[in-house]
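Reading through the structure tokens given below for one structure.
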Amino acid sequence: MLAIYPLLKAAWVVWFFLLFGFILAWVLRPGRRHAYRALADIPLRDEAPRARRPNRSI
């Protein structure tokens, strides 16, 4: 078991790097730019907050 430890340790680093690269590519892909800008503008909108209706489910 101790002989495989360095191999598993190196494999974990490679796997983590590939996972991080995939997540970064997924977030920064060009097709999502419009959606991210729309989400970033939410706090800057001048709309009045909607009143919450009471839940009347019985």
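What accessible area per residue comes out for the chain, rounded to a whole number of Å², with a 1.4 Å probe?
113
Let me spell out the model: positive unit charges on the Cβ of Lys and Arg, negative unit charges on the Cβ of Asp and Glu, origin at the Cα centre of the chain. What dipole size does that give, in debye rounded to 20?
320
Starting from the 7 Å offset along Cα-to-Cβ, what nm value, one decimal, do you get for the label separation of Arg45 and Ala25?
According to this spin-label approximation, the distance is 3.4 nm.
Of Ala25, Ala48, Ala40, which is the most mobile in a GNM of the chain whose springs link Cα atoms less than 10 angstrom apart?
Judging by the Gaussian network model, the answer is Ala48.
Counting only protein heavy atoms, what percent of the accessible surface of the chain is carbon or sulfur at a 1.4 Å probe?
68
The values are calculated or read from the model by the stated rules, or taken from the named source; none is laboratory data. Because the structure is predicted, anything quoted here is derived from the model rather than measured. Positions of Cβ are backbone-derived with ideal geometry, glycine not excepted, and every protein chain shown enters the neighbour counts. Remember, those area values only see protein heavy atoms, side chains included, never the ligands or the DNA or RNA. Shrake-Rupley method; radii C 1.70, N 1.55, O 1.52, S 1.80 Å.
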